[in-house]
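Reading through the structure tokens given below for one structure.
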Amino acid sequence: MQKLRRELPLHLMILPGVILLILFQYVPMAGIIIAFQKFIPAKGLFGDQKWIGLDNFRYVFQLPSFTAVIGNTVVISLYKIILGLIVPVIFAILINEVRNKRFKTSIQTTIYLPHFLSWVVLGGILIDILSPSDGLVNRMIKAFGGSPIFFLGDNKWFQFTLIFSETWKEFGYGTIVYLAAITGIDPNLYEAAQIDGANRWKQTLHVTLPGMKMVIVLLMVLSLGNLLNAGFDQVFNLYSPTVYQTGDIIDTFVYRIGLLDAQFGVATAVGLFKSIISFVFVSVAYFSAYHFADYRIF
Amino acid sequence: MQAKPKSKPFSWFSVINTIILTLAALSCLVPIIHIAAISFSSSSAAATGIVTFWPVDFSLNSYQYVIKRAQFWQSMLVSLERITLGGGINLLLIILSSFPLSKERHEFRARSFYAWLFFITMLFSGGLIPWYMAIRQYKLLDSIWALVLPGAVPVFSVILMLNFFRQIPKELSEAACIDGAGQWRILWQIYVPTSTPAIATVLLFALVGHWNSWFDGLILMNNPDHYPLQSYIQTIVVQRTYSMLSREEIQQLATISDRTLRSAQIFLGSLPIILVYPFLQRYFVKGIVLGGVKG
């Protein structure tokens, strides 16, 4: 009883957060029942809706466009995950080799910047500079004698543009974790390597990279959880009907059929499908990170 | 002792490395400079595609136009309201939730129950439609609270904060406890004052997050008067919807190029971040390192 009294303030502190999580996370989780209903919003979220079993799932799985959407999502996110791992590692090593401190910090400050800009702003910028008629990039291509490329309107180029621009936006920010890992490497290891006659390249290969190994593996495992997140904000601000074929992803698909076409049941079914698969991936990712790297979240 | 391998005064590697890094950094700046240059150019110069990194035929027309638009100021106001209210609520809830979660099990027996409650939200979500329907059910559509409450507990920041709280020596709170201080006093008078770096980090994450959010505004606000700035820019710049404009505005638009106008609004949308970012950057960096690995 006395213990309960002592713990009471702690319960009270966490209460507001818990209430908000219940209202905006757990209630929507229960709301996945929409996926099994012919949902009419006027009747309310948990109202007297008509149950139709798995019809919504059957309907969407036979849509040819849905298969394409799944394919696009996995391809786009897989490339983003791979490049999102490799490019920051390379840049962290390059930055670490810089001797001039002022140059180093100004490079770091500059390459972190795109991460903090929204995809609305960056989308607006990309639409302008990638324009086939007078965009900056195509002006450069034309100056070198090439023919203009419609990066955002050509199915051959759209996925490349998504992957490249995402990598560009996040590579600088991604270096932060690796640079921190490099700072943690024991300086004596470099000393020893030098005595053994290792040059800079050898030192990178045998001291720096192994020193970052844990962090790299950890981030690799955790990034698996994003396999079905191909980047809604980015795609939504860059795509158009002409590139749905290669650029439509699960999240944009859910938005269009759900909120624009008002097929709430079908959209929720797709969302549930995504949530379940993501749940498996994220759980496996956290479990392996916990198991192999002793990574603990809470 | 040097933490880095010693180098010769000159090496080809350093030269190439400097070039690569400079190009990478330029690639992050050039697009923004280009957009700014277009926004300050005359419409004819922008339309003929001769503007590169410096305004051609300098003009403030597009800014004058934007500044006269009531819709722009209206959404700016919504954004300011949102970041103040949302940032404050986020910070309060982060502090209040992470303190109990930072306790050991013997200090707070329900800790693991609550930790799971928070953790599960990182594993599973109901998806867009149920989320939207819940907010609709609560009658929050078209209200500022719809932009503030659904994301009021950023779990990632809670984790960052609780990890920071755990590093505070237990002796401090034990001593305070002996002196008769309750949990509330320990939190506000010991934990919060010693955690200013972490608090600065999570507050900045919250403010930038609120400033940059656009999708929730777009779908949860039916009346464009309630759009925050980024949602407004999204409709003007990306969707290019002009249905919100009055007839006079459309006529006026004919005299300014669409392109300079869009560039001006993009630039204004990114300006607050660009201005405060260099000063606050170290907090972000510190935060990521503090919070361990980003999920």
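Annotations
- Taking the conditions (1) surrounded by fewer than 18 Cβ atoms within 10 Å (Cβ to Cβ); (2) within 11 Å of chain A (Cβ to nearest Cβ); (3) modelled with pLDDT under 70 in turn, B:Gln251 satisfies each one other than (2).
- Checking each residue in the range A:24-41 for being of a type in the set (A, V, I, L, M, F, W, C) and within 7 Å of another protein chain (Cβ to nearest Cβ) picks out A:Phe24, A:Val27, A:Met29, A:Ile32, A:Ile34.
- Matching residues, the range A:128-157, being at pLDDT 95 or above and at positive phi: none
- Complete set of residues in the range A:125-168 that are in contact with an Asp or Glu (Cβ under 9 Å, 6 or more places away or on another chain) and either over 25 Å from B:Thr260 (Cα atoms) or small (Gly, Ala, Ser) (or both): A:Gly135
- Taking residues in the range B:97-120 that are at the interface with chain A (Cβ under 7 Å from one of its Cβ atoms), and partners anywhere that are small (Gly, Ala, Ser) and assigned to a helix (DSSP H, G or I), the pairs with Cβ atoms closer than 7 Å and at least 6 places apart or on different chains are B:Ser97/A:Gly17; B:Leu101/B:Ala115.
- Single condition B:Ala152 does not satisfy, out of (1) of a type in the set (Gly, Ala, Ser); (2) farther than 22 Å from B:Ala200 by Cα; (3) at the interface with chain A (Cβ under 8 Å from one of its Cβ atoms): (2)
- Within the range B:109-157, the set of residues being farther than 20 Å from B:Leu218 by Cα, modelled with pLDDT of 95 or more and surrounded by 23 or more Cβ atoms within 10 Å (Cβ to Cβ) comprises B:Phe118, B:Val153.
- Residue selected from the range B:213-232 under the condition free of Cβ contacts under 8 Å to residues at least 40 places away in the same chain and within 9 Å of chain A (Cβ to nearest Cβ), by the criterion surrounded by the fewest Cβ atoms within 10 Å (Cβ to Cβ): B:Phe215
- Of the helices (runs of 4 or more DSSP H) lying entirely inside the range A:98-168, those containing at least 1 residues that are farther than 27 Å from B:Ala47 by Cα are A:101-112.
- Residue pairs meeting the criteria (Cβ under 9 Å; at least 6 apart or on separate chains; first facing chain A (nearest Cβ under 9 Å) and within 14 Å of A:Asp134 (Cα to Cα), in the range B:41-55; second of a type in the set (Gly, Ala, Ser) and surrounded by fewer than 19 Cβ atoms within 10 Å (Cβ to Cβ)): B:Gly49/A:Ser133
- Within the range A:244-290, being more than 9 Å from chain B (Cβ to nearest Cβ), closer than 21 Å to B:Trp214 by Cβ, touching a Gly at 6+ places or on another chain (Cβ under 9 Å) and part of a helix (DSSP H, G or I) holds for one residue alone: A:Ile250.
- Any hit, the range B:39-58, residues being surrounded by 16 or more Cβ atoms within 10 Å (Cβ to Cβ) and within 27 Å of the chain's Cα centre (by Cα): yes
- Residues of the range A:195-204 classified as surrounded by 14 or more Cβ atoms within 10 Å (Cβ to Cβ) and in a helix (DSSP H, G or I), total: 4
- Per this entry, B:Pro31 is not counted among residues that are closer than 30 Å to B:Leu268 by Cβ, more than 22 Å from the chain's Cα centre (by Cα), buried (at least 16 other Cβ atoms within 10 Å of the Cβ) and not assigned by TED's automatic domain parsing to the domain that holds B:Thr196.
- A:Gly123 vs. criteria within 18 Å of A:Val235 (Cβ to Cβ) and within 23 Å of the chain's Cα centre (by Cα): yes
- Among residues that are part of a helix (DSSP H, G or I), facing chain A (nearest Cβ under 7 Å) and among the hydrophobic types (A, V, I, L, M, F, W, C), B:Ile129 is included.
- Count of the range A:95-109 residues which are over 15 Å from A:Thr183 (Cβ atoms) and surrounded by fewer than 20 Cβ atoms within 10 Å (Cβ to Cβ): 6
- The set of residues in the range B:73-90 being surrounded by fewer than 19 Cβ atoms within 10 Å (Cβ to Cβ) and either among the polar types (S, T, N, Q) or in contact (Cβ under 8 Å) with a residue 60 or more places away in the chain (or both) consists of B:Gln74, B:Met76, B:Glu81, B:Thr84, B:Leu85.
- Subset tally (residues that are among the aliphatic types (A, V, I, L, M), closer than 19 Å to B:Phe156 by Cβ and surrounded by fewer than 17 Cβ atoms within 10 Å (Cβ to Cβ)) for the range A:275-297: 1
- Restricting attention to the range A:56-73, the residues that are surrounded by 15 or more Cβ atoms within 10 Å (Cβ to Cβ) and farther than 20 Å from A:Met29 by Cα total 8.
The values are calculated or read from the model by the stated rules, or taken from the named source; none is laboratory data. If you're wondering where the values come from, they're calculated on a predicted model, not measured in any experiment. Positions of Cβ are generated from backbone atoms using ideal geometry, with glycine treated the same way; all protein chains shown enter the neighbour counts.
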